[in-house]
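Step one of this worksheet: look at the structure below.
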Amino acid sequence: MRTIAARNTHDSLSFSRRHFKWPVLGKSKSHGAATFGDEEYMKSSEAEDDDETTMAFSSACPSFHSDGFVSPPLKPAPSAQQQQAAAAVAAGQRRRMKVRTAVSRLRSALANAVAGRHRQVGMGARLTGTLYGHRRGHVHLAFQVDPRACPALLLELAAPTAALVREMASGLVRIALECDRARARGSPAAALPSPSPGAGKRLVEETVWRAYCNGKSCGYAVRRECGAADWRVLRALEPVSMGAGVIPAASCGGGEGDVMYMRARFERVVGSRDSEAFYMMNPDGSGGGAHGHGGPELSVYLLRV
C-alpha cells in the first residue's frame with residue numbers, strides 16, 4: 001500500500017477533499033432515506049474548489065499579523081536645527097509685519113498732518129496777518145490762526161503793491177472792505193429758511209468786496225483759495241513773527257520777481273454779523289497799532305452794507 005503524505009495542513013485538506021467523497025445529506029424521494037446523487041456531488045466539488053482558491057489567496061497575501069507585512073515608513077521628526085530654522089523664519093515674518101504696520105501708521109500720520117496743514121480752520125481773537133505782493137503786482141492780505149496753517153481769510157486787492165507802500169509811509173493805513181447786504185441775502189444759501197436767526201453766510205465768506213484805502217477807492221478785493229504761489233510765500237515767512245522786508249525771487253519760485261511783505265499780529269474784534277475789524281498789535285502785545293513805536297498803524301475793516 002502507498003503511503004499518502006501531505007506537505008502541510010493545507011495540502012492535506014485539499015487531498016482529502018479531492019479523493020474522498022463526503023456524503024451530502026438530502027431527502028430521498030422514497031422512504032426519506034439519505035442518498036448521494038451526482039448533482040449534489042458536483043455542487044460540493046465546486047464549493048470545495050472555491051474554498052481552496054480562497055485559502056490559497058489568503059496564504060499568499062500577508063496580513064497585519066504575519067512576518068511578511070511591511071508597514072509604511074513613518075515621517076521622521078524634525079531635528080532641532082530644522083525647528084530653529086522654522087522658528088527663525090516665523091520670527092522674520094512677524095518682524096516684517098510689524099515694520100509694515102509701523103510704516104503704514106507713519107504714512108497715515110504724515111498724510112493727516114499734511115491734510116491738517118492745508119485745511120482751513122476757524123478764526124480766533126488773535127491772528128497772524130500778512131500783507132505781501134510782487135513789486136509790480138497786486139496786494140494780498142492773509143489772516144492765519146497759526147503761521148503753519150492754511151489762511152482762514154485770503155484776499156487779493158486790486159491796489160498795486162507800490163501804492164500801498166507809499167500809503168504805509170505816512171504811518172497810518174486804514175483798509176475798508178465793503179460788500180452788499182442785498183447780494184448776501186440774495187445768495188442761494190440765504191434764500192433757504194434758516195433754523196436760527198444767526199444762521200447763514202458769515203461775513204468772512206463773502207467773495208467780492210469794494211476796497212478803500214485811507215478813504216480812497218482802490219478798486220475791488222476778491223476772496224480766493226490759497227494757491228501754490230501763495231503757499232511758497234507763506235512757507236518762506238513761517239519763521240517771521242513780525243516785521244517787513246523783501247523775499248528774493250528764488251525763494252518764491254522766480255516768476256515776477258521779488259516779493260515785498262509785512263507781517264504782524266492782529267486782534268480781531270467782531271461788532272455784529274455785518275461788521276468785523278482787525279487791528280495790528282504792538283510788539284509788546286497791546287492793541288492800538290505800532291504808531292507809538294515808530295511803525296505803521298494798520299487796521300482792516302469788513303462791512304456788509
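The values are calculated or read from the model by the stated rules, or taken from the named source; none is laboratory data. Here the structure is a predicted model, which is why all the values come from computation and not from measurement. Ideal geometry is used to build each Cβ from the backbone, glycine not excepted, and the neighbour counts take in all protein chains shown. We work out accessible area using only protein heavy atoms, side chains counted, and drop any ligands, DNA or RNA first. Shrake-Rupley method; radii C 1.70, N 1.55, O 1.52, S 1.80 Å.
Some notes on this structure:
- Top-ranked residue of region 97-148 - restricted to ones that are under 30 Å from residue 245 (Cα atoms), basic (Lys, Arg) and modelled with pLDDT under 85, ranked as least open to solvent (accessible area, probe 1.4 Å): 117
- Strands (runs of 3 or more DSSP E) enclosed by region 195-281 - at least 2 residues per element that are open to solvent by less than 60 Å² (accessible area, probe 1.4 Å), of a type in the set (Asp, Glu) and at pLDDT 90 or above: none
- Residue match in region 284-296 (condition: open to solvent by less than 20 Å² (accessible area, probe 1.4 Å), modelled with pLDDT of 90 or more and touching a strand residue (DSSP E or B) at 6+ places or on another chain (Cβ under 8 Å)): no
- Residue that is modelled with pLDDT under 65 and open to solvent by 90 Å² or more (accessible area, probe 1.4 Å), where the choices are 71, 44, 59, 63: 59
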